[in-house]
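Below is one structure, written out as structure tokens; comments come after it.
FYI, it's all coordinate maths here, none of it is from the lab. Only a predicted model underlies this, so the values are computations on that prediction, with no experimental measurement involved. Here the Cβ positions follow ideal geometry from the backbone for every residue, glycine too, while neighbour counts run over all protein chains shown.
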Amino acid sequence: MTPEVVHAIEDLISLAPLHNRHNLRGYYAIAKLMPHARHVAVFDTTFHHTLPPKSFLYGLPYAYNTRDKIRRYGFHGISHHYVSQRVGPAAKVITCHLGNGASVCAVDHGRSVDSSMGFAPLGRPRPQHPPRAARRGGCQRP
């Protein structure tokens, strides 16, 4: 983690307030204890960087995407990537993450092509969805 990466994560706290702020606290603490160790950041949205526009754009004015960064980000990517690789990198598969949240992901030859998780994992409360540790909500899908 370089100072530039840390600063970028700090700037993006508003996009992931339940994750970035707390993960940075852990990083600051361990960086003081082990300043010479190599530190890395892993983001579970990275797997979904391959989403095509038809999957990540909402039916909103395009400026909301370019200016305000409102788009489908996808979550639980570490889990979806792992499961899809266990099935086989050449497979077309729907993976399910059921844990401290829930989501599904369409994977085509190791690439995320659609995700049930949108801009934020907070959906309107729906009793048929599993409870979550810090918030309640359904998988968003317009």
Could you put S79, S14, S115 in order, starting from the residue whose Cβ has the fewest other Cβ atoms within 10 Å?
S14, S79, S115
Assign one of three labels to region 1-80, namely rounded, prolate or oblate, based on the Cα gyration tensor with a ≥ b ≥ c the square roots of its eigenvalues; rounded applies when a/c is under 1.5, prolate when it is not and a/b is larger than b/c, and oblate otherwise.
prolate
Straight-line reach only, C-alpha to C-alpha below 29 angstrom: list the lysines that K54 could link to, leaving out same-chain residues fewer than 8 apart.
K69, K92
Provide F43, F75 in ascending order of the number of other Cβ atoms located within 10 Å of each residue's Cβ, fewest first.
F43, F75
For the pair V6 and N100, what calculated FRET efficiency results from E = 1/(1 + (r/R0)^6), where r is the Cβ-Cβ distance and R0 = 25 Å, to the nearest 0.05?
0.50
FRET efficiency for S14 and L57, using Cβ-Cβ distance with R0 set to 30 Å, rounded to 0.05:
0.90
Put a dot 7 Å past each Cα toward the Cβ at R111 and Y82; how far apart are the dots in nm?
2.5
Added length on full extension, which subtracts the Cα-Cα distance from 0.36 nm per residue, K92 to D68:
5.4 nm
In region 28-119, which trypsin sites (Lys or Arg not before Pro) fall in coil by DSSP and have 12 or fewer other Cβ atoms within 10 Å?
R38, R67, K69
Sort M117, M1 so the one with the fewest other Cβ atoms within 10 Å of its own Cβ comes first.
M1, M117
